[in-house]
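The values are calculated or read from the model by the stated rules, or taken from the named source; none is laboratory data. All values reported here derive from a predicted model rather than from experimental measurement. Because the Cβ atoms are built from the backbone with ideal geometry, glycine has one as well, and the counts that use them run over all protein chains shown. Keep in mind that these areas ignore ligands, DNA and RNA; they rest on the heavy atoms of the full protein, side chains included. Shrake-Rupley method; radii C 1.70, N 1.55, O 1.52, S 1.80 Å.
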Amino acid sequence: MSTKKANRRFYPFKTVKPRRLAHTVFMKKALLPLLLVTLLLPLSLPRAAAEEDPREDSRVVVCAMYHGVLKSRQGEYIVSPSRLEEDLKNFRAAGYSFVLPCEVAAYAAGGGELPEKPLILSFDDGHYNNLYYALPLLEKYDACALFNVIGAFSEFSFTSGDDNNPNYSHLTWENLRELLKSGRAEIGNHSWAMHAYSPRFGIGKLSSESESEYEKALFYDFSRLHERVRKECGYVMTSFAYPFGKYTKNAEQVLKNMGYTVTFSCNEGASRVKKGEKDSSRLLRRINMDGRLSSLELIKKTERLFEKAKAA
C-alpha cells in the first residue's frame, strides 16, 4: 500500500493531514493560555475599571455641631474657646477641609467640587458668644462656619438692648451682618419660634392640626425669619437646622418649596453627598462636639463615623 493511501486510511479527511493536525494541536496549546487570560482579565480588573463605582462621584461630609462657646463653664452643649481652638487644629491635622453648606449644595446640584474630607462647622441657637469667641478663631485658622439662628431670640436681644453679654445674649441683626461681612459665615434658619418643647416639640405636628394647617404653620414660622434676615442683612438663607433634630416629611417639603437646599438633623454620623443628586444634601447628620470630652476623643469619634460612612 502506498504511503498516500495509508495516510488516507488513517486520516480519511483530506483537510486534516498528520502535519496539519500536529500544527493544530500545537496552536491550541499555544493559544489556550491567551484564551484563559482573555476570559479572566475582566474578573481581575479593579472594580472601578470593570464597573463604575457609584461612590466615585460622591463625598462623605462631616458636620460638627456646636452650640455655646464660654470660658466660664463647659457641658454637653458648651465648649470653651480653648477646646474649640484645639478642635480646629485637630481637624486640620486629620486632613479635614472646612466648607460651607452652599458649597455642599452646589456639589449635590452637579456643579462645583468638594475636597476629599469636607467638614461643616455648625453653631446652633445663635448665641452671641459664637461671634465673640468663635469668629476670631475662625479667622486665625482660616476656617468658616454655619450659624443657625432662632428669630425670636435674636429679636429679643435686639429690642431689649441687652445684646453684648457672652453668657446669655443672642446674635442681633447687626451681629449677623458682621458675621457675613467676615466672609467666613453662612446664616442658617433654626426657626423663628419653634425651638421649644411646647405646645409642639420643635417643628412637630400638633394632634389637633390637619396636614394643611400644619404646613401653613411651618411656612409662617420659617418664612418669618427668612424674610427678616433678607430685609436686615440682604441675605437669602438656604440652610435649615431642625430644632432638637425633629423633622418631618411635611417640613422637608415646605423648605424645599422655599428654596432651601441643605437641611440638618441631629442624627449622629456622617453623610454621603452624591454629585448631581440634589436631595443628598438634605437631612445631613451631625456630631455633637460635647464639651465634657477631650478634643482628641471627639476627633477619634469623628474619624470612626467618617470611615463608617465612607465604607457604606
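The table below gives the values:
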| quantity | calculated |
| --- | --- |
| Hz values of 3J(HN,Hα) by residue in the range 95-107 - Karplus curve (6.51, -1.76, 1.60), Gly and Pro given as x | x, 7, 10, 6, 9, 9, x, 4, 6, 5, 5, 5, 5 |
| Probe 1.4 Å, protein heavy atoms only - accessible area per residue of the range 206-312 in square angstrom | 51 Å² |
| Cα→Cβ-extended label distance, 7 Å offset, between residue 57 and residue 279, nm | 1.7 nm |
| C-alpha center-to-center spacing [the range 125-147, the range 249-291] in angstrom | 22 Å |
| Apportionment of accessible area to carbon and sulfur, the range 169-312, percent (1.4 Å) | 50 percent |
| Sparse-neighbour loop sites [trypsin sites (Lys or Arg not before Pro); the range 48-154; at most 14 other C-beta within 10 Å; DSSP] | 55, 71, 73 |
| 24 Å Cα-Cα threshold exceeded, pairs from 246/278; 117/275; 117/249; 181/249; 205/278; 274/308 | 117/249; 181/249; 205/278 |
| Selection from 210, 255, 280 lying farthest towards where the dipole of the range 206-312 points positive, charges on Cβ | 280 |
| The range 71-152, dipole about Cα centre (Lys/Arg Cβ +1, Asp/Glu Cβ -1), debye to the nearest 20 | 260 debye |
